[in-house]
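**Student:** Shown below is the structure under consideration.
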Amino acid sequence: MKQLLTALLITFSLTAFTQSTIIYDVVLKSGRVIDPETKLDAIRNVGILNNRIAQISSESLQGKEIIDVSGLVVAPGFIDLHIHGRSNVEQEYQLHDGVTTALELEWGIEHVGKWYESRKGKALINYGASVNWPFERFKAIGKYKTAVDSLLQITLKGEANIGAMTNTILRAASETITPDALNQTLANIKASLAEGGIGIGVPIGYLPKTNPNEMFQVYKLAGELQALVFSHVRNPDIISIQEAIADAVLTGAPLHIVHINSMSLGNIQLSIDLVAAAKNRGFDITTELYPYTAASTGLQSAMFDEGWQQRLGISYGDLQWVATGERLTKESFEAYRKSGGVVIMHLMKPEWIKTGIATPAVMIGSDGMTYAKLSHPRTAGTFSRVLGKYVREDKVIDLNTAIEKMTLLPAKRLENIAPSMRFKGRIQVGADADITIFNPNTIIDKATFEKGLEFSAGIEYVMVNGSFILKNGKTVANVFPGQAVYGKFKK
Ligand SMILES: [Zn+2]
């Protein structure tokens, strides 16, 4: 941290003394610059030098490349705390949605250190992942060694995706682990944190039979280390949200509850009140949502164990099979559940989503899926949808608040666990040049449940670590400026 601060001070003093003579690498000219932390919202010129923001000024600046961005909003690059797509295919959809940092934190990634290495120099946007608790427990059980090793091979080849990973490790989902295996799980989590994992992914919703003691011990470790827990709670109900909050409060673990919309369904107001009450009492607990009324997951998962219709308040016809787009019947449900695959669940009401988006401090996270033509549209359209539909069309929140929910709030959420995030989520001198430039009058999501994934419209330029990766609405070819975001325990 000290080094980073020194670097920042040098940048400050350089710009103070030599502002008039500096030739910046890039100048973004005459855009509407919005910084959610300093509350700047004004027409400014932004100078980029050595991958960082080096100047923000109403004076004209000199640059090797000058881009006129008048009429456009210059915002910090969007930070997505919740993605599952691991490759550049999903990253390209995300960069057209304004995302410059996309992190797999709900599940985390198996063999996390090796995965980080495998992405070096290849990523379009910044990447990172939490430590995968279900994987660390699977590994700790011992008898699955062959599966653990073969998963490493497909991870290194870049062929692992959330389906491949969960199909392997959820074989142990219903096993009660021994005290020895529990201790080994905790040791594994610590070792993976030392490889750079950002906190601990705790998707207990996919292992709903987990013994409450096992869960409490994982939170206890998180509390001792101050390692942030990301939880998809045990069931989509209030009691499960209370369980996560209770474990966090009793152990001092910082907690982020993912997709509060699909976890609380019709009880979203109460869920948000619980999170706000914890925060008001000084507990480090936060949440997020995606701006859609449908969820999406594997049909073979525990989510669809006996009683799913009552738990989720839906039936067969509310399920949409991603491979074909068809709505399910009792017969096709049973057949597909055996073969396995991804399903979209139409289960939420528009008012619930509005309530979540309107609440201050609730962040935006996409829960973007592995690519398939008919993947859940959130994979491609989450951030543009918030800005186009919920800000411009429905006026649920204002533009500055929306930008804050997708930049500063997620950056601040991670600062204590991933120190490099202090330089993201802001348009300030010394911040990383992760910048999203969009037209507030035209920005909108294009992906739909019927037609599948499409690039969003209205995102004109995206810069990642000082390099343009999107220009005039088009992907810049053969540029891989994405950098790793690591957790603070990295050795
Ligand atoms: Zn989830």
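The values are calculated or read from the model by the stated rules, or taken from the named source; none is laboratory data. Everything quoted here is computed from the prediction, not taken from an experiment. Don't worry about glycine lacking a Cβ; one is built from the backbone with ideal geometry, like all the others, and counts go over all protein chains shown. Ligands, DNA and RNA are excluded from the accessible area calculation, which covers all protein heavy atoms including side chains. Shrake-Rupley method; radii C 1.70, N 1.55, O 1.52, S 1.80 Å.
**Student:** Using the heavy atoms of the protein chains alone and a 1.4 angstrom probe, what is the accessible area of the stretch 297-344 per residue in square angstrom?
**Tutor:** 50
**Student:** Let me ask something additional. By average Cβ neighbour count within 10 Å, what is the ranking of 65-76, 391-402 from highest down?
**Tutor:** Ranking the peptides 65-76, 391-402 by packing returns 65-76, 391-402.
**Student:** Residues with beta-carbon under 12 Å from that of Ile53, excluding Ile53: net charge, scoring Lys, Arg +1 and Asp, Glu -1?
**Tutor:** That works out to 0.
**Student:** With every protein chain left in place, what is the accessible area of Phe455 in Å² (1.4 Å probe, nearest 10)?
**Tutor:** 80
**Student:** Please state the charge dipole magnitude for the stretch 297-344, taken about the Cα centre, from unit charges on C-beta atoms (+1 on K and R, -1 on D and E), reported in debye and rounded to the nearest 20.
**Tutor:** Around 40 debye, computed over the stretch 297-344.
**Student:** Still on this structure, I have one more. For a Förster distance of 56 Å, can you work out the FRET efficiency between the beta-carbons of Ser339 and Arg281, rounded to the nearest 0.05?
**Tutor:** 0.75
**Student:** For n ≥ 4 DSSP H runs only, could you compute -39500 (n - 2.57) per run for the chain, divide by its residues and tell me the 222 nm figure to the nearest 500?
**Tutor:** Estimated from H runs of four or more residues: -10500 deg cm²/dmol.
**Student:** While we're on this one: What is the gain in length, in nm to one decimal, between Ile23 and Glu59 on full extension, counting 0.36 nm per residue of separation less the C-alpha to C-alpha distance?
**Tutor:** That works out to 11.6 nm of additional length.
**Student:** Using the basic label-point model (7 angstrom from Cα toward the beta carbon), what is the Lys209 to Glu450 distance in nanometres?
**Tutor:** 4.2
**Student:** Measuring from centroid to centroid over Cα atoms, what is the spacing of the stretch 392-407 and the stretch 472-491 in Å?
**Tutor:** Centre-to-centre (Cα) distance: 25 Å.
**Student:** Beta carbons within 10 angstrom, averaged per residue: use that to sort the peptides 345-354, 249-258, highest first.
**Tutor:** 249-258, 345-354
**Student:** Would you kindly give the portion of the calculated P(r) for the chain that falls above 38 Å, as a percent of all Cα pairs?
**Tutor:** For the chain, the fraction of Cα-Cα distances above 38 Å is 22 percent.
**Student:** Using the structure shown, select from Lys39/Lys488; Lys29/Lys471; Lys446/Lys474; Lys139/Lys190; Lys389/Lys446; Lys330/Lys373 the pairs with a Cα to Cα distance greater than 19 angstrom.
**Tutor:** Where the Cα-Cα span goes over 19 Å, the pairs concerned are Lys39/Lys488; Lys330/Lys373.
**Student:** Obtain the nm distance between the two label points defined at Asn50 and Lys491 by a simple spin-label model: each point lies 7 Å from its Cα along the Cα-to-C-beta direction.
**Tutor:** Roughly 3.2 nm, to one decimal.
**Student:** Net charge within 14 Å of Tyr116 by Cβ-Cβ distance, Lys/Arg positive one each and Asp/Glu negative one each, not counting Tyr116 itself?
**Tutor:** Around Tyr116, the charge tally is +3.
**Student:** Give the calculated FRET efficiency between Gln153 and Asp305 to the nearest 0.05, with a Förster radius of 30 Å applied to their Cβ-Cβ distance.
**Tutor:** 0.50
**Student:** If you don't mind, another one. What distance in nm lies between label points placed 7 Å from Cα along the C-beta direction at Asp237 and Ser332?
**Tutor:** Rounded to a tenth, the inter-label distance reads 3.0 nm.
**Student:** Related question: So the label point goes 7 Å from the Cα of Asp273 along Cα→C-beta, right? Which residues of the stretch 215-247 then have their backbone N under 15 Å from it?
**Tutor:** 238-239, 242
**Student:** Please get the size of the charge dipole for the chain, origin at its Cα centre, with Cβ charges of +1 on Lys and Arg and -1 on Asp and Glu, quoted in debye to the nearest 20.
**Tutor:** It comes to approximately 640 debye.
**Student:** Given R₀ = 45 Å, FRET efficiency for His346-Ala42 by Cβ-Cβ distance, to 0.05?
**Tutor:** With R0 = 45 Å, the Cβ-Cβ based efficiency is 0.60.
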